[in-house]
Amino acid sequence: MKTVLAIDTSTAQTSVALIQDGEVLFNKSHNDPLAHGEVLPKLVSQALAVNNKVDLVAVGMGPGPFTGLRVGIAFAQSYALATQIDWVGVCSLDAMAAGINQSEFIVSTDARRKERFWARYKEGVRITDPAVSKASELEKLGLPILTEGDYFPDPVALAKIALTSKSVEQPIYIRKPDAYPLPIGVKFRPMSALDLVSATAIEKQVYGKTAWSADQFKSEFAKSPKSARYLAAEFEGQLIAYAGIFYVADVADIHTLTVVADHRRKGIGRELLKRLIDWARVKKAQAIMLEMRLGNDAARPLYESFGFIEISKRENYYGPGLTAVVMRKELR
Amino acid sequence: MALVLGIETSCDETAVGIVDGRKLLANVISSSVEEHARFGGVVPEVASRAHLEAMQQVIKQALKDASVTLKDIDAIAVTAGPGLIGALLVGVSSASGLALALDKPLYGVNHLSAHIAVDQLDNDKKITPTIALLVSGGHSSILKVKNLATDVEVMGATIDDAAGEAFDKIARIMGLGFPGGPIIDKQSKDGDLNHVNFPRGLTSAADLDKHQYNFSFSGLKTAVARYIEKTPNYKKADVAASFQEAVVDVLLSKSLAACKESGIDNLVIAGGVAANSRLRELAKQRCEMSKIKLSIPPIALCSDNGAMVAALGSLAITQGVKPSQMGIGADSAASIAQVIW
Ligand SMILES: [Zn+2]
């Protein structure tokens with residue numbers, strides 16, 4: 001006789017089942033995206049009241065929202081350790097797909113931020129690694145998309161898979177943590193007049209016609225050193241990014257945040273922005289504002305992740321047909 | 001005596017301790033602090049991932065160090081709050097898994113009280129009313145402790161940054177690295193603590209009216225930043241020592257005032273900042289002068305650890321406090337009034 005305790009917390013649902021040689025002794029789920037920690041021990045104690053001799057723990061390893069997902073995994077691993085039995089990790093999407101009778105389809109769960117975790121299945125077998133994508137991208141694949149609500153990672157199926165498949169040992173996170181290490185080899189320092197030649201060249205490269213000229217840079221620099229802060233980032237002696245903020249009458253204004261194309265997506269802009277915000281805080285600014293060109297999608301998520309919110313649009317700000325988006329972040 | 005296993009995951013240390021009554025048997029800590037150093041601060045998601053990765057190994061090592069098996073354990077204690085929610089949940093879920101599997105009681109405990117409870121390990125100090133100064137990267141409070149397991153009251157707390165956070169920020173401004181506490185402590189040893197007279201927050205007569213036992217470190221931080229801006233060739237050691245003196249001075253004046261007002265002549269200093277050498281030195285001097293009995297846990301038990309959680313669990317058992325219900329979850333903003341869940 002083999003009894004499997006199956007647990008999944010990869011969606012809003014917390015699910016627990018107890019299966020003994022194919023017979024379902026207990027199977028219960030509770031839907032609350034913020035209560036996995038409270039619900040799981042309660043469901044497991046109910047299951048153990050039915051039968052407390054467990055031989056194997058099966059647990060959904062995601063993908064799924066991280067905090068809830070870890071509740072199930074941490075619990076399962078410790079339970080197995082304390083009772084000296086094995087635990088087996090299962091891809092949660094597989095446990096969801098098991099209940100679907102179609103030849104080819106996509107199983108997808110909510111990944112928040114308007115994105116979906118998903119994997120593709122053919123004749124009951126997963127044919128892609130779990131991934132995360134925008135919902136609109138997923139629809140382009142032209143396959144039926146089966147989502148949670150109608151389906152969910154079924155703990156009974158999960159127990160079955162655990163008995164026959166190789167264990168998934170690590171949580172399936174897919175996304176990296178929302179943290180950006182300081183880029184290696186990049187030096188951050190105050191910007192000086194010696195940087196102006198390089199900065200003007202970068203401006204032209206990045207902004208074309210709307211770039212600041214050397215004179216504009218100079219006049220920005222001539223402002224009182226107390227009310228403005230310009231920072232530079234260099235890599236192997238070359239200027240690769242710069243940023244400037246100006247503070248007047250309670251509100252600080254970010255004038256520029258520019259990274260050369262080759263060094264984007266390395267966390268340089270993030271670090272510069274963080275330092276500008278710190279500076280504004282020390283100056284006791286009440287808020288920070290910035291203007292961004294409409295369609296400048298590359299920078300927008302960065303600003304939003306720091307709490308900047310769009311407050312208005314200014315038509316023709318960067319020239320005819322070029323609209324500026326004004327964003328603002330409140331400092332407490 | 002009860003054998004208690006304690007789990008702590010409220011911030012960046014994955015820690016498990018085992019105590020037998022008041023006797024410390026094991027204290028294992030796996031820290032993700034090096035991973036956070038690259039970010040200049042603790043990143044919640046990085047910490048939570050590290051907790052899950054380290055947890056099983058840390059439990060096994062603690063059992064090995066204590067020469068006991070899980071079957072011998074009488075109760076499980078775990079930090080249920082306050083702390084980072086995702087980090088806390090890894091500990092609480094692991095503890096629930098252990099308690100259910102072993103069919104043993106579970107005690108969800110308050111992280112802040114646990115910092116004080118650790119002072120009762122490996123000694124036979126009487127458990128009496130005390131004033132506690134709790135200072136770390138996450139908290140700066142003065143507590144009136146009548147009974148550590150049941151009756152703890154906040155007299156004052158920081159209204160902005162925690163003391164440890166102020167150390168981190170100043171270290172960052174001076175380009176010294178992370179975490180700031182130990183680095184500034186070390187720098188200060190070669191510095192003149194009277195070099196700059198930095199402000200002591202909330203100590204003016206007007207402030208004392210409203211904030212007798214509260215702290216504020218943001219003004220101090222601004223003052224240091226301004227000083228550095230104005231003084232390009234400043235000496236790091238002098239600024240570090242002067243900054244540290246301003247923090248330590250305020251912490252101690254207010255703690256001793258709290259002792260005096262409440263007629264309690266015991267002071268416990270706990271939390272990560274209690275490892276600061278200047279705080280320890282000045283506390284000793286001033287407590288001797290004021291005839292107050294000072295107690296500071298050994299440095300190894302000041303920062304977050306599992307032994308303190310086990311110690312508080314053990315104390316709760318001794319005092320007959322009821323165990324927690326299954327499904328306590330975690331409370332990131334738990335108040336000090338909730339000692340045991
Ligand atoms: Zn702490």
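A short reminder: the numbers here are calculations on the coordinates, not readings from a lab. If you're wondering where the values come from, they're calculated on a predicted model, not measured in any experiment. A quick note on method: Cβ atoms are made from the backbone with ideal geometry, for glycine too, and the neighbour counts reach across all protein chains shown.
Worth pointing out:
- C-alpha long axis of helix A:155-164 to longest principal axis of chain A, angle in °: 80
- Förster radius 30 Å - calculated FRET efficiency between B:Thr69 and A:Lys53, Cβ distance, rounded to 0.05: 0.95
- Straight-line cross-link partners of A:Lys166 among the lysines, defined as a Cα under 20 Å from its Cα and at least 8 positions apart when in the same chain: A:Lys2, A:Lys122.
- Helix A:66-83 vs. chain A, principal-axis angle (Cα, 0 to 90°, nearest 10): 40
- With θ taken as phi - 60° and the Karplus curve 6.51 cos²θ - 1.76 cosθ + 1.60 applied, the whole-hertz 3J(HN,Hα) list for the stretch A:271-288 is 5, 4, 4, 4, 5, 5, 5, 4, 4, 4, 5, 4, 6, 6, 5, 8, 7, 10 Hz, x standing for glycine and proline.
- Ranked packing of B:125-131, A:15-21, most packed first, by mean Cβ within 10 Å: A:15-21, B:125-131
- Restraint check, A:Lys134/B:Lys221; A:Lys223/A:Lys266; B:Lys23/B:Lys284, Cα-Cα greater than 32 Å: A:Lys134/B:Lys221
- For A:Lys28, the aspartates and glutamates whose Cα comes closer than 13 Å to its Cα, not counting residues fewer than 8 places off in the same chain, are A:Asp8, A:Asp154.
- The HN-Hα couplings worked out from phi for the stretch B:193-199 by the Karplus form 6.51 cos²θ - 1.76 cosθ + 1.60 (θ = phi - 60°) are 6, 9, 4, 10, 8, 6, x Hz, whole numbers, x standing for Gly and Pro.
- Among B:Leu88, B:Leu312, B:Leu52: highest mean-square fluctuation, GNM of chain B, C-alpha pairs under 10 Å: B:Leu52
- Between A:Leu143 and A:Ala287, the distance separating the two model label sites (each 7 Å from Cα on the Cα→Cβ line) works out to 4.7 nm.
- Beta bridge orientation in chain B: antiparallel %, DSSP, nearest 5: 60
- Cut-off under 5 Å, modelled amide H: who pairs with B:Asp331 long-range: B:Gly81
- Between the listed residues B:Ser253, A:Ala49, B:Ala101, the Cα displaced farthest toward the positive end of the dipole of the protein assembly as shown, a dipole computed from Cβ unit charges relative to the Cα centre, is found at B:Ser253.
- Of all aspartates and glutamates in the structure, the ones whose alpha carbon falls short of 13 Å from that of B:Lys64, not counting any fewer than 8 places away in one chain, are B:Asp72.
- Here the label points at A:Glu23 and A:Ser312, each 7 Å from Cα along the C-beta direction, are separated by 7.3 nm in the simple model.
- The relative contact order of chain B, computed from alpha carbon pairs under 8 Å that lie at least 6 residues apart in sequence, is 26 percent.
- Pairs exceeding a 29 Å alpha-carbon distance, out of A:Lys204/B:Lys169; A:Lys114/A:Lys209; B:Lys125/B:Lys291: A:Lys204/B:Lys169; A:Lys114/A:Lys209.
- Within a Gaussian network of chain B (alpha carbon springs, distance under 10 Å), most fluctuating of B:Asp192, B:Asp12, B:Asp161: B:Asp192
- Averaged over peptide A:29-41, the number of partner chain Cβ atoms lying within 10 Å of each residue's Cβ comes to 4.
- Nearest-ten-degree value, helix B:85-102 long axis tilted from longest Cα axis of chain B: 20
- Look at the stretch B:194-204: the mean tally of other chain Cβ atoms within 10 Å of its residues' Cβ atoms is 0.
- Listed peptides A:261-267, B:323-329 by packing density, highest first (mean Cβ within 10 Å): B:323-329, A:261-267
- Set of the stretch A:260-283 residues, backbone N closer than 17 Å to the point 7 Å along the Cα-Cβ line of A:Ser198: A:260-264, A:268-269, A:272
- Förster-model FRET efficiency, 30 Å R0, B:Lys260 and B:Tyr227, C-beta, rounded to 0.05: 0.35
- The protection proxy used here, the mean number of other Cβ atoms lying within 10 Å of each residue, ranks peptides A:209-215, B:280-286 as follows, highest first: B:280-286, A:209-215.
- The mean number of Cβ atoms from other chains found within 10 Å of a Cβ in peptide A:167-173 is 1, as a whole number.
- A Förster distance of 30 Å, applied to the separation of the beta-carbon atoms of A:Lys176 and A:Ser103, puts the FRET efficiency at 0.30.
- The stretch A:186-330 shape via C-alpha gyration tensor axes, a/c threshold 1.5: rounded
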